[in-house]
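Worksheet for the structure shown next.
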Amino acid sequence: MEELNKFWKNVTNRAKGLVPMQVFPAVVKKVDEKLRTCTVCVNDNVDIEDVRLYAVVDDSLKGFCLIPAKDSMVLVGRIANSNELFVCSFSEVDKVLGTIGDKMEIAIDEESLSYKCDKTEIEVKSAELTAKIDGVELEVKGNKIKVKAEEIAFNDGNNKGLAKVEVIKDNLDALKNYLTAMNSAISTGFSGVGAGPSAAGSAGAGAYQGAMEGQSIVFQDMENSKVKH
């Protein structure tokens, strides 16, 4: 505080009876993003702390705030000729913070943009997007898209659910196994019938039925009802 008072005294003396300077240039040395204040340096040797980036020093209040870049030049103003100071103009900004009401928050920096409002959260980066909207999760990275949801519908879902590839494979394998067993059973049945006058159809039927015993085709449900098209 003593250094700050000396600084203002020097400014007043230099004014030589004119109105004291109310705005002066300074360099940002440190930023407290939570409290929305910064430390600036003037005259290359005087550090001034708690310079406001916001109307009041209160992280619970809502509004928009610019976060200056470290070592950037700003213009600092006095509040009612007191030692309370605020940044009134920026040269470089690292981040923009905004809160409106109790639900909406937004943050923008060089690499990303994030938005929150109630049950909706969205974050956008270069070639990347993540979003949560009332239980639905969306992730886009490069040329890949991942979605987590109770149901996904394309074109109103009039064609019902998409087929499940793994279930289709299992069903086709079951059909293949059944037909393979049937081929073997038919061959066994023919052997049971025999040849010539002694051939007996009942013997062939019994052999066939014995060979096919326990064989069946049971298709699983191949529809994914959560994705409609």
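Does the stretch 148-162 contain any residue that is farther than 30 Å from Gly210 by Cα, part of a helix (DSSP H, G or I) and of a type in the set (Gly, Ala, Ser)? There is at least one residue in the stretch 148-162 that is farther than 30 Å from Gly210 by Cα, part of a helix (DSSP H, G or I) and of a type in the set (Gly, Ala, Ser). Among the strands (runs of 3 or more DSSP E) contained in the stretch 27-95, which hold 1 or more residues that are loosely packed, with under 14 Cβ neighbours inside 10 Å, among the small types (Gly, Ala, Ser) and touching a strand residue (DSSP E or B) at 6+ places or on another chain (Cβ under 7 Å)? Answer list for the stretch 27-95: 63-68, 85-90. None of Tyr178, Tyr115 is within 30 Å of Lys62 (Cβ to Cβ), at pLDDT 80 or above and among the aromatic types (Phe, Trp, Tyr) except Tyr115. Screening Gly157, Gly210 for residues that are at pLDDT below 80 and more than 30 Å from Ile122 (Cβ to Cβ) leaves exactly one candidate, Gly210. Every condition in (1) modelled with pLDDT under 85; (2) over 29 Å from Ser112 (Cα atoms) holds for Ser60 except the one numbered (2).
The values are calculated or read from the model by the stated rules, or taken from the named source; none is laboratory data. The structure displayed is predicted, hence computed values, not measured ones. So basically every Cβ, Gly included, is an ideal-geometry build from the backbone, and we count neighbours across all protein chains shown.
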